[in-house]
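Trainee: Mind looking over this structure? Questions follow.
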Amino acid sequence: MIDVELLRNRPEKVEENLARRRNPEYLRLFAEARAKDAEWRAALLEADHFRRRRNELSREIAAARREAKSPTALEEEARGLPEGLRAAEQREHELHASRDAVLRRIPNLLDDAVPYGKDDSENVVVATWGEPIRGAGERKAHGDVLEALGLAEFDRARRASGAGFYYLEGDVVLLDLALQRFALDFLRGRGFTPVEPPFLLRREPYEGVTDLADFENVMYKIEGEDLYLIATSEHPLAALYLGEILEEERLPIRLAGLSYSFRREIGGHGVDQKGIFRVHQFFKIEQFIFARPEDSPRLHEELRANAEELFRRLKVPYRVVNVCTGDVGTVAAKKYDIEAWFPRQQAYREVVSCSNCTDYQSRRLGIRMGKAGRPGKVVPHTLNSTAIATSRAIAVILEQYQRPDGSVEVPEVLRPYMDGREAIAVASKGPS
RNA sequence: GCUGAGGUAGCCUAGCCCGGUAAGGCGCCAGCCUUGAAAGCUGGUGGCGAUCUCGCCGCGGGAGUUCGAAUCUCCCCCUCAGCGCCA
């Protein structure tokens, strides 16, 4: 949610910024929010006048009683007040709620460094690393590798849970755990505190961290409960300090979230291929930071550098794109995607999303900054980035590290987490 | 799930039975004092709005009674303790 002060004092700035998102709807919403805000303030003033008179009268009645005088005339005026007050209060409430509803649909203000563009085709490549393997040759798609080695079951998963689910078995489970521990140890070394968050969140905090369209399209709801399966640990991590005041001296707070991510992805691309590249459930190690506003640009680069380093250590070629205005999403002010090279597909595909959300989530969550336990008006910034989503990391490893004999080499940095093994091979359903 | 106790400003607590401007402490800020600091003393310390020496709001949320509700009534939410169930 954008700052109401900006809406009142620098509307032309906000309009200019919103226009860069290339969606005229946002400008319309902003104009509506401004109009509603003005109306609300007028209504508030009116209700205040009623309340002021009520307070005056009730003080006078009390005083008259104390002096044993009859306050009949005062009481008569007082009796007539609630009617007008009720109407004014109701109008004030409605306008306030309606202003905020509109305000909440307005996206975050974009950083100046976000390139102007209409969709993901206009994202700007800002870095590349590694030598992409040119030519797919005999290479198999990662889903086929998994099936050939008996490391996953997609048909049975479909029968049990539907498309987009999977059973992982044998060595690939160890690979998954190895990736988790590899990423986690790396982040611990860089000052991140590991956090296992709740995998279900109530609606109220959820509305603080994401936008409403996402909410309807990607979230799984628990029937009969006010609970939603998290789409990423970013969400419960952001909600960790819901309604609290963070002491400035404690910032930045670096968190490493470990969780499954659950996504329906209705209306998106859906489940598009056999395998685990796009699925309804996957494990992710997430970087998350609560920061002072002045530090957030630097920390955004830090998150990106961490994510890059992880893929360099895995020796997976990648490129970094600066996501353009038309593709950046509602909540982020600036976003980098890291796209790994998938040799079978001969394409770069997203494995990391790294966002600076500035004050957008914090304001919606009622998180403020303060000095020494004293509340302040400043709203801290939040930043998040994938460290490793194991599903995608496994997919790219299986495509890149597969060998002509059908086995798959284990990336060197993961071997300590896999009993020193150099390769994974066919799984059988016996004890491993 | 049952029973009980609770939810008051950044934190802790009083007020609630018996309706009339939310008291006190801690922390923090400023001033005085001091070579400096601590202690001590004094003042300040939430949100919203405005015509900016003013007003309104604020006691978990909502509704009601009343001229007037932290206080009375009803509904709901949450937390804690004990019991039950349980990996």
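Trainee: Where the centre of each part is set by its Cα atoms, how far does the range A:242-319 sit from the range A:91-142, in angstrom?
Mentor: 14 Å
Trainee: On to the next question. Mean Kyte-Doolittle of at least 0.5 plus a Cα span of 20 Å or more along the axis: flag which DSSP H helices in chain A meet both, please.
Mentor: A:171-188
Trainee: Here's something else I'd like to know. Per residue, how many Å² of accessible area does chain A show with a 1.4 Å probe?
Mentor: Here the per-residue accessible area is 48 Å².
Trainee: Quick one: check the C-alpha center-to-center distance for the range A:150-182 versus the range A:191-221, whole angstrom.
Mentor: Result: 24 Å between the Cα centres.
Trainee: Within chain A, what whole-number % of the accessible surface is contributed by carbon and sulfur, with the 1.4 Å probe and all protein chains included in the calculation?
Mentor: Solvent-exposed carbon and sulfur of chain A make up 48 percent of the total.
Trainee: Then there's this: Set the Förster distance to 35 Å, then compute FRET efficiency between A:R10 and A:A127 from the Cβ-Cβ distance, nearest 0.05.
Mentor: 0.55
Trainee: Whole-Hz Karplus ³J(HN,Hα) for the range A:203-211, in order, using 6.51 cos²θ - 1.76 cosθ + 1.60 and θ = phi - 60°, x for Gly and Pro?
Mentor: My calculation for the range A:203-211 gives 5, 4, x, 4, 5, x, 9, 9, 9 Hz in order.
Trainee: If you don't mind, another one. What whole-number distance in Å separates the alpha-carbon centres of the range A:342-381 and the range A:1-67?
Mentor: Centre-to-centre distance over Cα atoms comes out at 28 Å.
Trainee: Pick from A:T386, A:T193, A:T325: which is most flexible by mean-square fluctuation in a GNM of chain A where alpha carbon atoms under 10 Å apart are linked?
Mentor: Greatest mean-square fluctuation among the candidates belongs to A:T193.
Trainee: Further question on the same structure: Within the range A:336-427, list the trypsin sites (Lys or Arg not before Pro) lying in a DSSP loop whose Cβ has at most 15 other Cβ atoms in a 10 Å radius.
Mentor: A:K377
Trainee: HN-Hα J couplings of the range A:148-162 from phi, Karplus 6.51/-1.76/1.60, θ = phi - 60°, integer Hz, Gly and Pro as x?
Mentor: Values, residue by residue: 4, 8, x, 9, 7, 10, 9, 5, 5, 5, 4, 5, 6, 10, x Hz.
Trainee: Turning to a different aspect of this structure: Can you tell me the dipole magnitude for chain A around its Cα centre, using point charges on the Cβ only (Lys, Arg +1; Asp, Glu -1), in Debye to the nearest 20?
Mentor: Its charge dipole is roughly 420 debye.
Trainee: Additional query: On a full-extension model of 0.36 nm per residue, what is the gain between A:Y116 and A:A136, subtracting their alpha-carbon distance, rounded to one decimal in nm? Kindly include the intermediate steps, with their values, before the conclusion.
Mentor: On the way: separation 20, 0.36 × 20 = 7.20 nm, distance 3.34 nm.
My answer for the length gained is 3.9 nm.
Trainee: Given the rule -39500 (n - 2.57) for each run of at least 4 DSSP H residues, summed and divided by the residues of chain A, what is its mean residue ellipticity at 222 nm, to the nearest 500 deg cm²/dmol?
Mentor: My calculation for chain A gives -13000 deg cm²/dmol from helical runs alone.
Trainee: Too long at a 23 Å Cα-Cα cut-off: which of A:K13/A:K36; A:K118/A:K335; A:K274/A:K315; A:K36/A:K335?
Mentor: Details: A:K13/A:K36 19 Å; A:K118/A:K335 15 Å; A:K274/A:K315 25 Å; A:K36/A:K335 31 Å.
Correct reply: A:K274/A:K315; A:K36/A:K335.
Trainee: Right, here's the next one. With the contact rule set at Cα under 8 Å and sequence spacing of 6 or more, what percent relative contact order holds for the range A:120-424?
Mentor: Normalised by residue count, the contact order of the range A:120-424 is 25 percent.
Trainee: Still on this structure: Select from A:A62, A:A87, A:A148 the residue whose mean-square fluctuation is largest in a Gaussian network model of chain A (Cα-Cα springs shorter than 10 Å).
Mentor: Most flexible of the set in this elastic network: A:A62.
Trainee: Oh, and also: From the backbone phi of the range A:118-125, what are the Karplus-calculated ³J(HN,Hα) couplings (6.51 cos²θ - 1.76 cosθ + 1.60, θ = phi - 60°) in whole Hz, Gly and Pro given as x?
Mentor: Rounded to whole hertz, the list is 8, 7, 4, 5, 10, 5, 10, 6.
The values are calculated or read from the model by the stated rules, or taken from the named source; none is laboratory data. Computed from a predicted model, the values in this text were never measured in an experiment. Using ideal geometry, Cβ is built from the backbone for each residue, glycine included, and neighbour counts are taken over all protein chains shown. Just so you know, the surface numbers come from the protein's heavy atoms only, side chains and all, with ligands and any DNA or RNA stripped out. Shrake-Rupley method; radii C 1.70, N 1.55, O 1.52, S 1.80 Å.
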